[in-house]
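*Asks:* Got a structure here, written out as structure tokens. Questions coming.
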Amino acid sequence: MFPVLLRREIILMLALKAALLTLLYFLFFSPAHRVTVTPDSLRAHLVGP
Amino acid sequence: MDLVELSRLQFAVTALYHFIFVPLTLGLSVLLGIMETVYVMTGREIWRDLVKFWGILFGINFAMGVATGITMEFQFGTNWAYYSQYVGDVFGAPLAIEGLMAFFLEATFVGLFFFAWDKLSKIQHLIATWLLALGTNFSALWILIANGWMQYPVGAHFNADTMRMEVSDFMEVLFNPVAQAKFVHTVSAGYVTGSVFVLAISAWYLLKGRNAEFAKRSMTVAASFGLASALSVVVLGDESGYTAGQNQKMKIAAIEAMWETEPAPASFTVFGLPDLAAHKTHMEVKVPWMLGLIATRSADTPVPGISELVGIAQKNIADGLIAYKALATIKKDPHDAQARKELDDHVGHLGYALLLKNIRPDIENATQDEIVRAANSTIPNVPVLFWSFRLMVGLGLWFIALFAFSFWLSAKRQLDRWRPYLWAALLTLPLPWIAAELGWVVAEYGRQPWVIVGVMPTALGVSSTTTTNVTLSLLGFVLFYSALLVVDFYLLRKYIKLGPDAPQHEEAA
């Protein structure tokens, strides 16, 4: 159903998109960037130390 | 900008970009189902051509839009870690089901829709197309259940030992009236978007004097489905107004710029100039009874204004401070039964006490002035809500008028006779996106200062990450999404210009 040219364009775009998303993930959102929150740290955050 | 504002801006930007792609996917998937049903019922090839052409445009939008929502989930772990820990038990389940719906059901049937024309029978392919539409709509249902819970947190309770909100009744979360009203209102808006898209592009073909039979059939489907959808948006938006009137009274008061309580039967302000400093709305034009009917479904119930609601918030903060002090006692002695009882009795307003955290850390020592300041912080940005809502409603009424006229012209078989109408249809193309984005502004900006209404102030949900990290990732998102949008526009424009009878459309896989 997809024209061949469009199929190529979309595959290229999806590959680029996946690469960019992966890059953004590793630059800003990987586990190393996450803040670990435990019940105790949340209790300290809300109620105080 | 501080960390809270940056994190909010980042989430808002990604959500608003994501919702550029979503409504067209929602609307076009159902339109494809309708067109293919006509094809199967009549056996006429032109209807198959319709499905294939609009399917190509659906495919472009789907491919560009897919996974643009996943970046919001990235942000939960980094920018909103306290929020995720506090409400993850409730919020996580619908979010996970949404992911399963989107990635398994929807993706499977997208594949069948595009690549199984020659492998399935007509009926089998039709079923795949409708299941694609169903999957698309179902994934919207689950994300809106999660969002509805943020607006009206039911079916959950606070556990002082785990410091989390925990599900007590999943069915209550699932059938949350705010979520249900939000879901039907949102998907209807998507149907309007899909219908306007088909109508506008078909009008362009007629203006260009090409593909007339194809365009007129497309417009007939878009006009009838669009009219039903546009009427549904208004009716279901009214239901959203009613649920907000019951559960988010401050949002309704802010949308109405209603500083003082409106006696029954409450009037609706069609026009006015909200004055934040004077707490007045100048040059008001009001429709009697209308707000009472929308917000309370009655003519004998007053609708509380901002001043009255701020007064109630003050009382809630004072009550919530009892829960907060009990929680502090439990922190020191987890076995203090009296403190646990006090917490249970007042936990419903704990979130209100937490509003004081924006003012001072030791909130148990808050003065009356500080309580008043915290109560005043429950007022959202009135002018933004007032104008966003009115513009959205105005656009909604325009869509009804346009679709009704299109339907009439279609019935008269005069869709191609009147060029000003065709131009009006074409120029309407961007408007459903503007209306949908304004709808989200009303829903989410109107939720402030809460991330979970009455439970958690937004500022307390934000992680202790760095502003540099949020600023740079925000910049990355803006560049990434803008590039996607440019490619989406480029590809859509290219294949619309080629039209349904372009020879390359016949190049099968």
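The values are calculated or read from the model by the stated rules, or taken from the named source; none is laboratory data. In this text the structure is predicted, and so the values were computed from the model without any measurement. Backbone-built Cβ (ideal geometry, glycine too); neighbour counts: all protein chains shown.
*Asks:* Please report, ordered by residue number, the helices (runs of 4 or more DSSP H) entirely within segment B:37-104 with at least 3 residues that are at pLDDT below 95, at the interface with another protein chain (Cβ under 9 Å from one of its Cβ atoms) and more than 30 Å from B:Leu491 (Cβ to Cβ).
*Replies:* Details: elements: B:45-65, B:70-78, B:81-100.
In segment B:37-104, B:81-100 are the helices (runs of 4 or more DSSP H) which contain 3 or more residues that are at pLDDT below 95, at the interface with another protein chain (Cβ under 9 Å from one of its Cβ atoms) and more than 30 Å from B:Leu491 (Cβ to Cβ).
*Asks:* Continuing with the same structure: List the pairs whose first member sits in segment B:205-234 and is within 20 Å of B:His185 (Cβ to Cβ), whose second member is charged (D, E, K, R) and surrounded by fewer than 21 Cβ atoms within 10 Å (Cβ to Cβ), and whose Cβ atoms are under 8 Å apart, counting only residues at least 6 apart or on separate chains?
*Replies:* Close Cβ pairs satisfying both conditions: none exist.
*Asks:* Say whether the condition of being closer than 23 Å to B:Phe76 by Cβ, within 7 Å of another protein chain (Cβ to nearest Cβ), modelled with pLDDT under 90 and outside any helix (DSSP H, G or I) is met by at least one residue in segment A:26-34.
*Replies:* Yes - at least one qualifying residue is present in segment A:26-34.
*Asks:* Under 27 Å from A:Glu9 (Cβ atoms), modelled with pLDDT of 85 or more and either surrounded by fewer than 20 Cβ atoms within 10 Å (Cβ to Cβ) or among the charged types (D, E, K, R) (or both): does that describe B:Leu112? Working first, answer last.
*Replies:* On the way: under 27 Å from A:Glu9 (Cβ atoms): yes; modelled with pLDDT of 85 or more: yes; either surrounded by fewer than 20 Cβ atoms within 10 Å (Cβ to Cβ) or among the charged types (D, E, K, R) (or both): yes.
Considered against the rule, which asks whether it is under 27 Å from A:Glu9 (Cβ atoms), modelled with pLDDT of 85 or more and either surrounded by fewer than 20 Cβ atoms within 10 Å (Cβ to Cβ) or among the charged types (D, E, K, R) (or both), B:Leu112 comes out as yes.
*Asks:* Now, a different point. Inspect all residues belonging to segment B:406-416 and state whether any of them is of a type in the set (D, E, K, R) and within 13 Å of another protein chain (Cβ to nearest Cβ).
*Replies:* Residues of segment B:406-416 that are of a type in the set (D, E, K, R), as a first pass: B:412-413, B:416.
Checking the rest, the ones that are also within 13 Å of another protein chain (Cβ to nearest Cβ) come to none.
There is no residue in segment B:406-416 that is of a type in the set (D, E, K, R) and within 13 Å of another protein chain (Cβ to nearest Cβ).
*Asks:* Let me ask you something else. Take B:Phe158 and tell me if it is of a type outside the set (Asp, Glu), within 30 Å of A:His45 (Cβ to Cβ) and touching a residue at least 24 places away in the same chain (Cβ under 8 Å).
*Replies:* On the way: of a type outside the set (Asp, Glu): yes; within 30 Å of A:His45 (Cβ to Cβ): yes; touching a residue at least 24 places away in the same chain (Cβ under 8 Å): yes.
Yes.
*Asks:* Checking the structure you have, find out if any residue of segment B:438-457 is within 14 Å of another protein chain (Cβ to nearest Cβ), in contact (Cβ under 8 Å) with a residue 24 or more places away in the chain and closer than 21 Å to B:Val196 by Cα. Working first, answer last.
*Replies:* Initial filter on segment B:438-457 (within 14 Å of another protein chain (Cβ to nearest Cβ)): B:451-452, B:455-457.
Filter once more, keeping what is in contact (Cβ under 8 Å) with a residue 24 or more places away in the chain: B:451-452, B:455-457.
The next check asks that each one be closer than 21 Å to B:Val196 by Cα; those that pass are none.
Scanning segment B:438-457, I find no residue that is within 14 Å of another protein chain (Cβ to nearest Cβ), in contact (Cβ under 8 Å) with a residue 24 or more places away in the chain and closer than 21 Å to B:Val196 by Cα, so the answer is no.
*Asks:* Additional query: Hey, any hits in segment B:148-164 for a residue that's away from chain A (no Cβ under 12 Å), surrounded by fewer than 22 Cβ atoms within 10 Å (Cβ to Cβ) and assigned to a helix (DSSP H, G or I)?
*Replies:* Taking segment B:148-164 as the starting set, the residues that turn out to be away from chain A (no Cβ under 12 Å) are B:148-157.
Checking the rest, the ones that are also surrounded by fewer than 22 Cβ atoms within 10 Å (Cβ to Cβ) come to B:152, B:154-155, B:157.
Checking which are assigned to a helix (DSSP H, G or I) leaves us with none.
Checking segment B:148-164: not a single residue is away from chain A (no Cβ under 12 Å), surrounded by fewer than 22 Cβ atoms within 10 Å (Cβ to Cβ) and assigned to a helix (DSSP H, G or I).
*Asks:* Name, by its number, the condition in (1) under 23 Å from B:Val451 (Cα atoms); (2) not in a helix (DSSP H, G or I) that does not hold for B:Leu415.
*Replies:* (1)
*Asks:* Scanning segment B:102-125 for residues that are more than 14 Å from B:Ala63 (Cβ to Cβ) and of a type in the set (Phe, Trp, Tyr), which turns out farthest from the chain's Cα centre (by Cα)?
*Replies:* Within segment B:102-125, the match that is farthest from the chain's Cα centre (by Cα) is B:Trp117.
*Asks:* Being under 21 Å from B:Tyr191 (Cα atoms) and surrounded by 23 or more Cβ atoms within 10 Å (Cβ to Cβ), is that true of even one residue in segment B:74-85?
*Replies:* Going residue by residue through segment B:74-85, those that are under 21 Å from B:Tyr191 (Cα atoms) are none.
Scanning segment B:74-85, I find no residue that is under 21 Å from B:Tyr191 (Cα atoms) and surrounded by 23 or more Cβ atoms within 10 Å (Cβ to Cβ), so the answer is no.
*Asks:* Within the bounds of segment B:378-385, is there any residue that is without any contact (Cβ under 8 Å) to a residue 40 or more places away in the chain and either within 24 Å of the chain's Cα centre (by Cα) or surrounded by fewer than 16 Cβ atoms within 10 Å (Cβ to Cβ) (or both)? Walk me through how you get there before you give the answer.
*Replies:* Of all residues in segment B:378-385, those without any contact (Cβ under 8 Å) to a residue 40 or more places away in the chain come to none.
No, the conditions are met nowhere in segment B:378-385.
*Asks:* Could you check how many residues of segment B:163-178 are without any contact (Cβ under 8 Å) to a residue 60 or more places away in the chain and within 21 Å of A:Pro39 (Cβ to Cβ)?
*Replies:* 1
*Asks:* Just wondering, is there one or more residues in segment B:314-326 that are more than 22 Å from B:Met165 (Cα to Cα) and either within 14 Å of another protein chain (Cβ to nearest Cβ) or at pLDDT 95 or above (or both)? Give the derivation first.
*Replies:* Here is the first cut: in segment B:314-326, the residues more than 22 Å from B:Met165 (Cα to Cα) are B:314-315.
Still in the running and either within 14 Å of another protein chain (Cβ to nearest Cβ) or at pLDDT 95 or above (or both): B:314-315.
There is at least one residue in segment B:314-326 that is more than 22 Å from B:Met165 (Cα to Cα) and either within 14 Å of another protein chain (Cβ to nearest Cβ) or at pLDDT 95 or above (or both).
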